Amino acid sequence: MKKPKIKKIGKYFLLSNKLLLTQLLLFSLLTIPLHASATPNAPILPQQKTITGTVSDELGPMLGVSIVVKGTTNGTTTDFDGNYSITVEGDNPVLIFTYIGYKAQEVTVGSQTTINVTMAADAENLEEVVVLGYTTRKKGEVTGSVSAIKSEELEKTSNKDLAKSLAGKVSGLIVNDRGGYPGSTGDVSLLIRGKSTLNNNSPLILIDGVVTGTFSQLSPQDIASITILKDGAAAIYGARAANGVILVTTKRGKSGKPKINISSSYNLSSFSVTPELMSSEQYAIYENEINDRLGQAPRFTQEQINNYAAGTDPINYPSTDWSDLTFAKTSPESRNSISISGGSEDVKYFVSGDFIKQVGLFKSGDLRFRQNQVRSNLDIKLTNNIKLGVDLSGRFGNTQEPGVDANFIYKHIYTNEPTEVGIYPNGLPGWGGENGANPYVMSSNESGFVKRIDNTLRGRFSLDWDLKSITPGLTFKTFVGVRRQNNDQKSWYTPWTVYSFQESTGEYVPTTGKSQRGGERILTESFWKFDEVQANATLYYKKKLGENHSINTFVGYEQAQSEQRSFWAQRQGFPTKEHTELFAGSDEGQQSFGTSQEWGRVNYFGSFSYDYKKKYFVDFTIRHDGSSNFGPGKRYGTFPGVAASWAINKESFLDNADWLTDLRLRGSWAKMGNDRIGAFQYLTRFDYGGPTNTANPNYYVFGNPGVTFNGYTPDNVPNPNITWETAYMKNIGIAFSLFDSKLTGDFNYFYQNREDILVTRAAAIPDAAGLTLPAENIGKVDNFGWELELGWNQQVNDNFSYNIGGNVTKAKNEVVFLAEASDVPEWRKREGYSIDSYITYPTAGIFRDQAQVDATDVKLGGTVEGEPIYLDTDGNGKIDANDRVRDYSSNIPQIQYGVYGGFKYKNFDMSFLFQGQAEAKMLVFFDQAGAKPEYVFNQRWTPTNRDSRYPRAFGQSDKYSGNQSGNSENFQGADLWLHDASFLRLKEIEVGYTIPKDKIEFCDIKIFARGLNLFTMFSDVQKLGLDPEAAGYNNFRGSTYPSLKTYTLGVNFSF
């Protein structure tokens, strides 16, 4: 491990950022009175003498090296220049020099008064400290399956979403980027070892030990490490550990002179893929073919088609690409961050600010996101035994959007016909589509606005008390974590103006356009807040028993209380656009609504670790959890775990294996839980009142002229026996390091049995029974697979080093029990197969010609050439709904992998990351009115393209080629619409050049260029102009605002 570099600052810098100055002033006011005075040296006894010296390594003096007199608590540390001074006594004292990542050295004092030491790096333990649940551990002593990502890797991304930036970096973590909407945190899929339950599969996330819902919006520059606990290592978190745990640790200050880091970057982003849409000529031909199949007259004449193809009359014969009209080619983004860290032995600090500006890809520029983030982590030494931690952070988000719902805008980008005018040659917006739904106008503030203020405040106040006065190795730690989130939104919807050209008069006639919300101005204001307090108290004890035995244990108590409240009010009938306050709206039709909720948890936990000669390790954990989600008698559960590790390389029979640096075998078993369910399902809940504009309103009017009284209606069928899911996790793994740690690897096999999954027996009860059943803990799922990491890292000479590596994860699941109906045919069963599946009609391709149609006995009546060849699954001689089968696949890949590498030559450096997936399928199906992707036209069946994969032209609800479910949201059609979602993508690349301080006598300056999602390979979906990482394409549902491709230029200053 590299020691901290010592930076000397010879100039003062003028910082223009007012927020930063405010932070520094606040920090100074807080810390000035807290510096403790130095303790006077004890008088030197006659037997005492002072030893001085310098500690260094091959790079020079080392700061913070620990020097302790063996067998005592007498110790000190080196200063900025590597110097130390320590007083010793006795006949033959021994000094022990230790530093993380270096081999400990013992030196006998003898008659010496000056002892200089050169520390040697311990290759086996470089960067060995890993953050685990409530503790840390050297990497070589970890018994569970754990992956860690260091800050250096995180800081190389240009992705504004920190969670997305983890894709491909470690095994076991399956990440899918589902879109790039500015400020959104809901367009990323994050799973640890795939899906293992029929319900919520989200992992537990903690920031510095405090539970949180997401870490997507954190600044990479603030993160010290991210640790993923994948097996029994997560068991210490009990009832919320079954889906795995992600631990985010933020940076802290270290003793030494202030270190200042300033980073600034500018991005240009575009969609990672942009489909080409049909032209007006193609659309007209396609529509005519549909009408021809239905026996109807052509919708367009050949003359009209020719005029569309000519493109010389944009008013009467336009060819509008609504996507190109609405979306910009690129949009700008910027990120600026600054951090200051340092301190003394008494106070250490890390203070930072991070500032993002992002413009969305609507051409209007009216989609914007800004985020300001500040952090202050203080460590204060109150006494020699007591340390205080004060961590404060705030995230302040501001999103501005058009007044029309984004989904409605997307709908009309892809359903408006290209034969309609988008913008007239004189710049006026055309009618567009349904009720004047022109997405170019709707995506601007002409349709109103939405202003959303989203703030998160966090605080963590900790106390560490070294109780060595009671017994050496005893420590008490406690903290209180506070999280406060609020969302304040103002939504102003106003109809807009579009124009229609009257050829007879040559006039452009204005018309009011509107969305599904109607033709009146509407103002909705809403507020949401969430408060949570988490308190923890933990007692730690560690002791070395003789030379060979070590124990490390802790017990703790934790509780959390959460409250949530929301409110909204709405009025319409505003007289003008300028009156955007609720008081100006009409009383008629006004609405308001509000809710509140609360939860609580109580936890008791403990851990005991033992090792013998640092060769054999065993860990025991146990946790007893209580949750308000469950009723009396079901609220508490106990979750034990055990793990062991064997350092095989330390056995005597491998003493001569010089090529072997490390070889460890480990295994674990744990029982864990999952309590992510809707609250209070054990009670009968009632709805009181509610909306008035529904078919069955929850109120009644009595008397004349009438008084309205709200009513109560049951909201659920309760089950007092509801409790958490239970997961039994087993893991076995092997880790190795060869050739002086140049080659490293880690392999794991895992198997999880998930029981007590909350499902209903509705599928097993005939519909005729008319019963509404409660959810019960009866479901069972198995999850299993393996993961592998390999890496090679080599320092060739003083000027050149390189690294290359990869990881792969394969995770599968199987539904064991679901209370499935007994008459479900084998080809549609869920039990015995994977959790996710598509219901499709199996096909054998497309009828090439009418002769093949005529020669096929079993087919849909009226089938003609160019339509799917459906298979008679049940053999009853006809094609019907019973022929449907389950395709046991999903858009969640069973295999995900990453390949990374890089090199450093003198002051140049380069790094790259490829991320890919396999064994996944996605729906790619288009039948809506309007312009479809161009491939639908080019690759359809025609008499001149008889070997096409896709059928002839068809419209919505087509009974031969379309969706047969009758519900556009629930696709059930030909299996040919499922596509392989495999791909390999250049996820990240960075090229940088560092100008060292010794060249400019100012600071280290790094200039870098980065790319994100630059290109995609080996993807059938990408060849269609679509994103293979999207959730799917059911007429662009699931991929309305695709993932982003980003180019970045930036500079980093390190003082």
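Quick note: the coordinates plus some simple rules give every number you see, no bench work behind them. Owing to the predicted nature of the structure, the values given are computational and were not obtained by experimental measurement. Quick reminder, even Gly has a Cβ in these numbers, built from the backbone with ideal geometry, and neighbours come from all protein chains shown.
Basic side chains Lys and Arg get +1 at the Cβ, acidic Asp and Glu get -1 at the Cβ, and with that the dipole of the chain about its Cα centre reaches some 3680 debye.
Remark: the residue 291-residue 749 segment gains 159.2 nm on full extension, using 0.36 nm per residue and subtracting the alpha carbon distance. Gyration tensor analysis over the Cα atoms of the range 208-279 returns equivalent ellipsoid semi-axes of 33, 27, 9 Å (largest first, whole Å). Within the chain, the whole DSSP H helices whose Cα atoms reach 15 Å or more along their own axis and whose mean Kyte-Doolittle score is at least -1.0 are 18-31.
Once the convex hull of all Cα atoms in the range 370-422 is built, its volume per residue stands at 113 Å³. Straight-line cross-link reach from residue 49 at under 21 Å between alpha-carbon atoms covers these lysines, not counting any fewer than eight positions away in the same chain: 70.
Return the calculated 222 nm mean residue ellipticity for the chain, to the nearest 500 deg cm²/dmol, obtained by summing -39500 (n - 2.57) across DSSP H runs with n ≥ 4 and dividing by the residue count.
Rounded to the nearest 500, it is -2000 deg cm²/dmol.
With the alpha-carbon atoms as the only input, what is the per residue convex hull volume for the range 727-807 in Å³? Walk me through the numbers before you get to the answer.
Details: hull volume 10.2 nm³, N = 81.
Cα-based convex hull of the range 727-807, divided per residue, equals 125 Å³.
Please report the projected area of the range 432-586's Cα convex hull averaged over all directions, in nm². Write down the numbers at each step before the final one.
Numbers: hull surface 68.5 nm².
Averaging across all directions leaves 17.1 nm² for the Cα convex hull.
Beta bridges per DSSP, both residues in the chain: antiparallel share near 95 percent. Considering only Cα atoms, the convex hull volume of the range 415-506 works out to 169 Å³ per residue.
A protection proxy built from the mean count of other Cβ atoms within 10 Å ranks the segments 217-224, 994-1001, most packed first, as 217-224, 994-1001.
Computed on the range 577-665, with alpha-carbon pairs under 8 angstrom and 6+ residues apart, the relative contact order is 21 percent.
Sorting 654-662, 670-678, 102-110 by average packing, meaning the other beta carbons within 10 Å per residue, from highest down gives 670-678, 102-110, 654-662. For the range 657-664, 3J(HN,Hα) computed residue by residue from phi via the Karplus equation (6.51, -1.76, 1.60; θ = phi - 60°) reads 7, 5, 6, 9, 8, 7, 8, 9 Hz, glycine and proline entered as x.
Can you order the peptides 837-845, 295-303 by their average number of other Cβ atoms within 10 Å per residue, highest first?
Final packing ranking: 837-845, 295-303.
Taking Rh as the Kirkwood radius computed over C-alpha pairs, what is the Stokes-Einstein D of the range 617-729 at 37 °C in a medium of viscosity 0.692 mPa s, expressed in µm² per second? Estimated diffusion coefficient is 166 µm²/s.
Suppose a student asked you for the relative contact order of the chain, using Cα pairs under 8 Å spaced at least 6 residues apart; what percent would you report? Show your work: numbers first, answer last.
Working: 2766 pairs, mean separation 110.2, N = 1055.
Relative CO of the chain lands at 10 percent.
Backbone amide hydrogens, once placed in the peptide plane, bring residue 129 within less than 5 Å of 139, excluding anything fewer than 5 places away on its chain. Stokes-Einstein diffusion for the chain, with the hydrodynamic radius set to the Kirkwood value over Cα pairs and evaluated at 4 °C in a medium of 1.567 mPa s, equals 39 µm²/s.
Think of the chain as a dipole: +1 on every Lys or Arg Cβ, -1 on every Asp or Glu Cβ, centred on the Cα centre; then among 786, 839, 686, 786 lies furthest on the positive end. Here is the tail figure for the range 791-930: Cα pairs spaced more than 19 Å apart come to 70 percent of all pairs.
Considering only Cα-Cα distances, which of the following residue pairs are longer than 29 Å: 357/411; 730/1045; 195/542; 254/671? Distance filter (> 29 Å) returns 730/1045; 195/542; 254/671.
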